[in-house]
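Heads up, the thing below is written out as structure tokens.
The values are calculated or read from the model by the stated rules, or taken from the named source; none is laboratory data. Quick caveat, the model's predicted, so the values are computed rather than measured. Here Cβ is always computed from backbone atoms with ideal geometry, including for glycine, and neighbour counts include all displayed protein chains.
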Amino acid sequence: MSEENNREKEINKTDQIEEINQNKETKQVNESENVKRARKLIGTIHRIKVKDGREFVGHLDCFDQQGNIVLSNSIEQTILNGEALRRRIGTITIGYTQIVDIFKYKNKKENDL
């Protein structure tokens, strides 16, 4: 009887190991698909709204696993007393805790940056 129990335990362990390996493979595939999608965003122009109401528009250079973003050739847009103010920033890192929303920039004119 104990020999049967040992065999069942080994079979269960083998099944569990196979399931874990399959889950790892599935996760790697999903992560690589996400990375592919994210890489397509690199170099495109985005508008990022932050908690204090400012918006930054610039070329998405990179981001990390936490969600921090680096924009280059960027401008800051602020509304003050109903008037839109813009100033050139250049390269900026925006912390993920400050990001409220991210939009793909619709204006096709590069010289607007």
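Quick notes
- Being modelled with pLDDT of 65 or more, assigned to a helix (DSSP H, G or I) and under 30 Å from residue 105 (Cβ atoms) is a property that holds for residue 37.
- The range 54-67 - residue that is exposed (fewer than 11 other Cβ atoms within 10 Å of the Cβ) and not charged (D, E, K, R) and, of those, modelled with the lowest pLDDT: 65
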